[in-house]
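Q: Structure below; questions to follow.
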Amino acid sequence: YDFDFPEPYKKPPVWFPKKAAFNLYLDKHRDPKQISKELLLKRMKTVDPFEPKKPEPKYPNALPEDNKLPSWVRVEIRKQRLKWGRYSDM
């Protein structure tokens, strides 16, 4: 059997969404191919085919953070270090 699932419903975008993180809200309405391309480019920046893979730190969130960055950027950095969500393939 083949079943074609319908597209998941997305509310139409609003000008000022309430109680929603703006970076996640904007990503929800972006083209998934564009998001995948960004992640692939990020991944390709860290990979070099002629050098061995660098060892990852045992405790990645123990590395210092820049407190001058906005909180949503720091959360994205933490997710990237722990390989959560969309960063799991990196």
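Every read-out reported here was derived from the displayed coordinates using simple, explicitly stated rules and does not represent laboratory data. Please read all numbers here as calculations on a predicted model, not as lab measurements.
Q: Mind telling me which of Lys42, Lys33, Lys79 comes out most flexible in a GNM of the chain, alpha-carbon contacts under 10 Å?
A: The residue that fluctuates most here is Lys33.
Q: Additional query: Compute the distribution of all C-alpha to C-alpha distances in the chain, in bins of 10 Å from 0, and list the percent of pairs in each, rounded to whole numbers.
A: P(r) for the chain, in whole percents per bin: 12, 34, 33, 16, 6, 0.
Q: Under 29 Å Cα-Cα from Lys54, which lysines qualify once same-chain neighbours fewer than 8 residues away are excluded?
A: Qualifying lysines at Cα under 29 Å: Lys33, Lys37, Lys42, Lys45, Lys68, Lys79, Lys83.
Q: With everything on Cα atoms, drop me the angle between helix 71-82 and the longest principal axis of the chain, reported from 0 to 90° to the nearest 10.
A: 60
Q: Is the shape of segment 12-61 rounded, prolate or oblate, going by the alpha carbon gyration tensor and its root eigenvalues a ≥ b ≥ c, with a/c under 1.5 for rounded and a/b larger than b/c for prolate?
A: oblate
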